[in-house]
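The values are calculated or read from the model by the stated rules, or taken from the named source; none is laboratory data. Computed from a prediction, not measured in an experiment: that's the story for all the values here. Because the Cβ atoms are built from the backbone with ideal geometry, glycine has one as well, and the counts that use them run over all protein chains shown. Protein only, heavy atoms only, side chains kept; ligands, DNA and RNA dropped before computing areas. Shrake-Rupley method; radii C 1.70, N 1.55, O 1.52, S 1.80 Å.
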Amino acid sequence: MTTSPDRTRFSNKDTVKKGREVIMARGQHDLELPDIKLFNYFLQRSYTKLAERDIHEIPVSDVLSLLKHTSVARLEASLKKLGNVKIEIDYHQDGEEHSVSCHFLSYDICKAEDGILKYAFDPILLRFLWEPAVYGRINLRFFNQFKSPYGAKLYEILTLYVHRHNRTWSASIAELRTALGVPDDQYARFDNLKRSVLDKAIAEVNALSGFGVDVEYIRGGRGGKVVEVRFTVTNRPELAQVPNDRLLTGNNRNLRDPNTVDMLDGQTDSERGTQLIITSQTMDEAASMLAEADLADESVEGFLDEWRRHARDIQMTDPNLNFLRWMRVKLEGLKDSALDEIDDDVIANLLEGL
């Protein structure tokens, strides 16, 4: 008898895009860490089908394996919280402010040992799940090692800043408490908040994720109390695929192992496609271009995804140079309406052969 692969034993390539609006949604403080792990797992399992179907299916045994227990009752308790917790999202569209109130999902579970769990994401939330413009790439292997909900949430938030020119998330104490889901009646004094929440969360991120974090506490006036906390994403050289991974051309380019998994996006060069390999140095240069265009808060990954959609069938000798030149044309288009009218496929074809 053949056995199905264990889809809850994650590798570095098990990642999923999670939209900024979902990561930063208010009202998640009633969720426990297993609930968040469950939601991210559902999102990863069904992501490629989000645009095709409303209801997704998964064996109950797979979910229990993820949660590392055999209790269907405990599983259903998590499902109920994901179905009942009300989250709120604010966003802008066409220059107008919008507010959303919704739930994470609904479900239908067969409680037999070999049963099937059916689930559907809230239809209003779905628009923020499928191909979000700004997102963090959650590595499930890293995420499922977190023991603290605050460490896990800080990790999610900081994934939004990994590929920005400005890698710093700044938050007032009130904003920080809301974002991390700290209950209003706990850790009222900052020294308690720092000792019981922040120090542990920062330590977990530095120990478990593919990037590091530095923290700075900003005081209000000389000797005043802490009014703001700044978290800055840092590189972890010990996790780099290739030393001195620089943007070079011709025969001087550093060779990369095509089967080595990248610690940030979870993919190998072979899986990306040999024509679409982009180095971390290129990502940094693209982030600098966004900063020069006064778009420092935009994510490079959104531009990278768009470029890959238009460039996947184009022959090129230097995808890094091609991407950076495509970025420059795109950014010029934001300033020049004539350039903005040029179709993206035309831009990509103009750069063919680079």
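Worth pointing out:
- Pairs where the first residue, in region 1-28, is more than 15 Å from ILE138 (Cα to Cα) and at pLDDT 75 or above and the second is in a loop (DSSP other than H, G, I, E, B) and open to solvent by 30 Å² or more (accessible area, probe 1.4 Å), C-beta under 7 Å, 6+ apart: GLY27/LYS86
- Residue count, region 92-108 (criterion: of a type outside the set (D, E, K, R), part of a strand (DSSP E or B), open to solvent by 60 Å² or more (accessible area, probe 1.4 Å) and without any contact (Cβ under 8 Å) to a residue 24 or more places away in the chain): 6
- Counting only helices (runs of 4 or more DSSP H) that sit wholly inside region 149-208, those with at least 1 residues that are of a type in the set (A, V, I, L, M, F, W, C), more than 27 Å from ALA286 (Cα to Cα) and without any contact (Cβ under 8 Å) to a residue 12 or more places away in the chain are 173-180, 199-208.
- Within region 7-79, helices (runs of 4 or more DSSP H) holding 1 or more residues that are over 24 Å from VAL182 (Cα atoms): 33-46, 60-67
- Selected residue [surrounded by 16 or more Cβ atoms within 10 Å (Cβ to Cβ) and farther than 25 Å from TYR155 by Cα] from HIS29, HIS56: HIS56
- Filter result (modelled with pLDDT under 80, outside any helix (DSSP H, G or I), touching a Lys or Arg at 6+ places or on another chain (Cβ under 9 Å) and not polar (S, T, N, Q)) within region 275-318: ILE277, ILE278, ALA296, ASP297, GLU298, ASP318
- Condition met for GLU113 (modelled with pLDDT of 95 or more, surrounded by fewer than 16 Cβ atoms within 10 Å (Cβ to Cβ) and either touching a Phe, Trp or Tyr at 6+ places or on another chain (Cβ under 9 Å) or not in a strand (DSSP E or B) (or both)): no
- Taken together, the residues in region 199-234 that are within 19 Å of ARG167 (Cα to Cα), in contact with a strand residue (DSSP E or B) (Cβ under 7 Å, 6 or more places away or on another chain) and not acidic (Asp, Glu) amount to 16.
- Just one of the numbered conditions (1) within 18 Å of MET24 (Cβ to Cβ); (2) modelled with pLDDT of 95 or more; (3) surrounded by 13 or more Cβ atoms within 10 Å (Cβ to Cβ) is not true of ALA174: (3).
- Among (1) in a helix (DSSP H, G or I); (2) modelled with pLDDT under 95, the one test that GLY136 misses: (1)
- Looking across region 68-86, just one residue is among the aliphatic types (A, V, I, L, M), within 30 Å of VAL100 (Cα to Cα) and open to solvent by 30 Å² or more (accessible area, probe 1.4 Å), and that is ALA77.
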